[in-house]
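As structure tokens, the structure follows; a few thoughts come after it.
The values are calculated or read from the model by the stated rules, or taken from the named source; none is laboratory data. All values reported here derive from a predicted model rather than from experimental measurement. Heads up, the Cβs are rebuilt from the backbone with ideal geometry, glycines too, and the neighbour counts pull from every protein chain shown. In case anyone asks, the SASA skips ligands and DNA or RNA and just uses the protein heavy atoms, side chains included. Shrake-Rupley method; radii C 1.70, N 1.55, O 1.52, S 1.80 Å.
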Amino acid sequence: MLKVEQVVKVFGHGTINEKVALNGLNLSLEKGDFVTVIGGNGAGKSTMLNSVAGVYAVDDGKIVIDGVDVTHLSEHKRAAYLGRVFQDPMMGTAADMTIEENLAMAARRGKKRTLRWYITNKERKEYTELLSQLELGLESRLTHKVGLLSGGQRQALTLLMATLQKPKILLLDEHTAALDPKTAAKVLELSAKLIRENNLTAMMVTHNMNDAIKYGNRLIMMNEGQILYEVGGEAKQLLQKEDLIALFAKKAGDGLVSDRVLLS
Amino acid sequence: MVDVLLGALALGLLWSVMTLGVYISYRVLDMADLTAEGSLTLGAAVAGSMIAAGANPLVATLCAAGAGLLAGLSTGLLHTKLKIPALLSGILTMIALWSVNLRVMGNRANVSILRLNTVYTFLQNWGLDKTTSMIVVGAVCALAVISVLYWFFGTELGSAIRATGNNEHMVRAQGINTDNMKILGLVISNGLIALSGALIAQSQSFADIQMGTGAIVIGLASLIIGEVLFGKGGFYKRLVAIILGAVVYRVIIALVLKMGMPSNDLKLFTAITVAVALSLPRFKGYLATLKRSAKGEAK
Ligand SMILES: Nc1ncnc2c1ncn2[C@@H]1O[C@H](COP(=O)(O)OP(=O)(O)OP(=O)(O)O)[C@@H](O)[C@H]1O
Ligand SMILES: [Mg+2]
């Protein structure tokens, strides 16, 4: 479903701030894979997701989504294949627009925008139904502005938007990091449920080791723009948090164990 | 006095079309687009020159609006394709239009269309006086424009433009080319501004190279007055509020002039009005903090 081949991304080429964020990264996702991604600050996790999404052009290598070479496709063209939820709850929705306007826009992801009315009555019924499944009381607030919602509600809405039009790959970048623990757990459960029910292929970046172990069928650990360690299937189910920390310390060298990785 | 007010109403309606254009760039796209100064004059110059050359005033007015669309396209391309900041893109087009406008008017600073047929003479021939014809034409244009805008911004395409001004990031993630949305918004905005310029030129029987100077500030003043006084409610109400704002602005100007303010001070007056209005939210926030801390101390 996704092939990342020898991808290199350098920020600030030729300046003193030059930073190799992705250093010949290779990754392959099968259809239905749910991969959790861990790694210290600056390991290149966000850069990997952003490169797949086309936020910026990569310097070398190839990215293929479901057989289509998207390496040189612009961000909005790739969006047809991707659902995305960001760390910042503000980023995934248009605050000054209503819940139904946001949903209707997401329902048309990858489609041509025409002079038809932005929403149909049939869609309104669908959205009400879908929102009521979130159990956040949003189903009665279709015409409320998204800016009035809490961070957790906005992330739940963004998740719904990302999966409304079934994506080939769902990209989640620390999408619960800005939420309080209880809300974060709820949004995470919702993510897993949506991925399961729609049989989606997904990548989820997290700093929470327990979540990384608990969710998904594969886990990858990144460091300095490369995949340091990867585990899947049964071996992943048997994984303990302590194993991961020890592994990270060994592979990356003791000095590199970031506080945030050890955290949680 | 009634004459003064009716005159202000007429002028306000003609300028309201311009204010709606400013609304699209400033509020919908969240861009300060200075192209407005040039495209208002462009509309006046095109309509004036064509009418002076014997063209049908309706055709001339439509061509003027068309020229405005192109001015918006220029700014849009400078901003999105060449990555020049929005403010500077607008300034570049505005400066370029100064020369273009002089050329359109045959290398003169103004074109007179006195005693020639305009969009108002149709109505004047039916026995209406000049001011009433201006009011009728202005009201019809303004209402037509807001009806079309109301419909357009409710479509898939229109809501994509609105979202672009709100959160570009989200819009691109939904597979929309935000560059095209910005260009389209600027095109519509400047088309309306040029249309307004054409209507104004015909009402005063001449087009002048200086007409657009300060237009953006007049547009902003009208927009903010409209929002503050009548701006609550749905999208249609907000559009109507903008028209009313443009009218109220003209009434205020007419009154201060009547009270004896020298007309040379008008632009200073308008600029101060806008500065005060724009800082109001901050001032309100400051007041709220003061109140809160006062309460805190009382406890
Ligand atoms: N837009 C950018 N411009 C310059 N440097 C960048 C940019 N984005 C990322 N970097 C750099 O690239 C490296 C990788 O960053 P990235 O955001 O991918 O890390 P991450 O693994 O997501 O870290 P975190 O856990 O902190 O989110 C970092 O050194 C970062 O400073
Ligand atoms: Mg990151």
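Stokes-Einstein D for segment B:2-215 at 20 °C, 1.002 mPa s, Kirkwood Rh over Cα pairs, in µm²/s?
Stokes-Einstein gives a translational diffusion coefficient of 124 µm²/s.
When DSSP beta bridges are limited to those with both residues in chain A, what percentage is antiparallel, rounded to the nearest 5?
Values: 22 of 40 bridges.
Around 55 percent antiparallel, to the nearest 5.
Could you tell me the calculated FRET efficiency between residue B:147 and residue B:259, based on Cβ-Cβ distance and R0 = 30 angstrom, to the nearest 0.05?
0.25
Identify which of A:189, A:126, A:139 has the largest mean-square fluctuation in a Gaussian network model of chain A, with springs joining Cα atoms closer than 10 Å.
A:126
Nearest 500 deg cm²/dmol is fine: what mean residue ellipticity at 222 nm does chain A get from its DSSP H runs of n ≥ 4 alone, each adding -39,500 (n - 2.57), divided by its residue count? Numbers along the way, then the final one.
On the way: 10 runs with 94 residues, N = 264.
The helix contribution divided over chain A gives -10000 deg cm²/dmol.
How do B:103, B:27, A:78 stack up against each other in accessible area, from largest to smallest, with a 1.4 angstrom probe?
Descending order: B:103, B:27, A:78.
Report, to the nearest whole %, how much of the accessible area of the protein assembly as shown belongs to carbon and sulfur atoms, 1.4 Å probe, protein only.
60 percent
Could you tell me the center-to-center distance, by alpha carbons, between segment A:70-92 and segment B:96-149 in angstrom?
For segment A:70-92 versus segment B:96-149, the Cα centre distance is 46 Å.
Any idea of residue B:26's accessible area? Nearest 10 Å², probe 1.4 Å.
Rounded to the nearest 10, that gives 60 Å².
How far apart, in nanometres, would the label points at residue A:198 and residue B:139 be if each is projected 7 angstrom from Cα along the Cα-to-Cβ direction?
In this crude spin-label approximation the distance works out to 5.1 nm.
Accessible area drop of at least 20 Å² (1.4 Å probe, protein heavy atoms): which residues of segment B:168-215 qualify, relative to the chain alone?
Those are B:169, B:170, B:172, B:173, B:174, B:175, B:176, B:177, which lose 20 Å² or more relative to the chain on its own.
Efficiency by 1/(1 + (r/R0)^6): what FRET value for residue B:125 and residue B:210, r their Cβ-Cβ distance, R0 = 30 Å, to the nearest 0.05?
E(calc), rounded to 0.05, equals 0.45.
Summarise the partner chain shielding of A:95-104 as one whole number: the mean count of Cβ atoms from other chains within 10 Å of each residue's Cβ.
3
Under DSSP H, which helices of chain A have Cα atoms covering 15 Å or more of the helix axis and a Kyte-Doolittle average no less than -0.5?
Going by DSSP H runs, the hits are A:151-164, A:181-197, A:241-252.
Got a number for the accessible area of residue B:171? Probe 1.4 Å, square angstrom, nearest 10.
0 Å²
Using only Cα atoms, figure out Rg for the protein assembly as shown and give it as a multiple of 2.2 N^0.38 Å.
Cα-based Rg divided by the globular estimate yields 1.17.
Which value in deg cm²/dmol, rounded to the nearest 500, describes the helix-derived mean residue ellipticity at 222 nm for chain B, given -39,500 (n - 2.57) per DSSP H run of n ≥ 4 and division by the residue count?
-26000 deg cm²/dmol
Using a 1.4 Å probe on protein heavy atoms only, how many Å² of accessible area do B and A hide from each other, summed over both chains and rounded to 100?
2300 Å²
Put +1 on the Cβ of every Lys and Arg and -1 on every Asp and Glu Cβ in the protein assembly as shown; which of B:136, A:192, B:90 then has its Cα farthest towards the positive end of the dipole?
B:136
About its Cα centre, what dipole magnitude does chain A give when the only charges are +1 on Lys and Arg Cβ and -1 on Asp and Glu Cβ, stated in debye to the nearest 20?
860 debye
Tell me the accessible surface of residue A:118 in square angstrom (1.4 angstrom probe, heavy atoms of protein chains only), to the nearest ten.
For residue A:118, solvent-accessible area is about 20 Å².
For segment B:195-291, what does the accessible surface come to per residue with a 1.4 Å probe? Please give it in Å².
Counting only protein heavy atoms, the per-residue value for segment B:195-291 is 51 Å².
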